[in-house]
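Here's the structure, in structure tokens; my notes come after.
The values are calculated or read from the model by the stated rules, or taken from the named source; none is laboratory data. Predicted, not measured: the structure shown is a model, and the values here were computed from it. Cβ placement follows ideal geometry from the backbone for every residue including glycine, while neighbour counts extend to all protein chains displayed.
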Amino acid sequence: MKRFAYLTIISLIILAIAGPAAGDNKAPKNKKSGKKVEKKVNTRDSRAADVKAIIELGRQYREAFAKGDAKKVVELWARNGEYFGASGRHIKGRAAIEREYANHFAINPGQKLVPARKTIRFIRPDVALVTGVSNISPAPPGPPSKCTYSVILVKQKGRWLMDNVRETMTFTPSNYDKLAELSWLVGRWTYSGDSEQIKSADILTQWSRNKNYILRNYTIRLAHEEIHSGVQRIGWDPVAGTVCSWMFASDGSHTEGIWTKEDNRWIVQSKGVLRDGKKISATNIITPVDADTFTFQSINRVMDGTPESNVGPIEVKRRQPREKKPREKKPQK
């Protein structure tokens, strides 16, 4: 459905319905002569009203999109509106466009549109050209991309509607392809078990902008109640020719890691320095079990030449999003 992903984005700001109400177009008469007097139209005020309507209805469109309401969204298209996608995809007519929206919402629930830069130029009083760049949240899977669009709007019976939409896709330079095999780490992970060293853990993993890094924020409660937290950045090192990581802890320590994939697991050779200058090293093993589980084990642990006890393996679970409970309506008095 990526072919349609940006069809739903490009309409972000450029939609408008129910523009300023049409007034009485009859020219007023001169009270003395009874002759009709030409009515002057303030073009600047008219354009301002149209721009305001476009922006306001863009907001309404975003709300309809967030709710996944294909019928509401398609009302903002002209009856014979046409969409030309970056891949050459051509869709014509409200019925076909509504089906595409409905399919997109079914496959990608919960997406929201993020306002992006745009320009509006009026070609005629009833025709406008809108160009800009669109964004969607959360970002679609795959390499980072940018969608630029041009939209011709027509004003019919006081309503601005999309009549012709064209988009182009460009891909942002990124090391995404080098990190794609670790994309399963993205999400929130927790541990609460009976490990001798670790009592609990909470890890939030996200892509950085342009997907050049995987960012991990962690909080770990040790068995003796001491809490450690910090950040880890996983990226591609072009000199080493491999995936590397850099971790910075709240206690002042820092470590570097070299990642290597062996079969289904990742081996991380880690070394670093504690706040007091002691050198540490370890071999960490991360093994995916299924889409919502992975195991973590730390072996060959050494601090200033002295061996330390191993950690794990422990089983870490993906934290599932909480279901929103419907609000109870208060009884009317």
_Conditions (1) at pLDDT 85 or above; (2) surrounded by 16 or more Cβ atoms within 10 Å (Cβ to Cβ); number of the one not met by Cys147_ = (1)
_With the requirement that a residue be surrounded by fewer than 18 Cβ atoms within 10 Å (Cβ to Cβ) and touching a strand residue (DSSP E or B) at 6+ places or on another chain (Cβ under 6 Å), what does the range 151-162 give you?_
Val154
_Taking the conditions exactly as written (within 24 Å of Glu196 (Cβ to Cβ), among the acidic types (Asp, Glu) and modelled with pLDDT under 95), does Asp251 satisfy them or not?_
yes
_Answer from Gly257, Gly235 - the residue that is at pLDDT 95 or above and under 30 Å from Gly110 (Cβ atoms)_ = Gly235
*Tally, over the range 59-91, of residues that are of a type in the set (Gly, Ala, Ser) and modelled with pLDDT under 90*: 6
*Being under 24 Å from Lys52 (Cα atoms) and touching a strand residue (DSSP E or B) at 6+ places or on another chain (Cβ under 6 Å), is that true of even one residue in the range 85-108?*
no
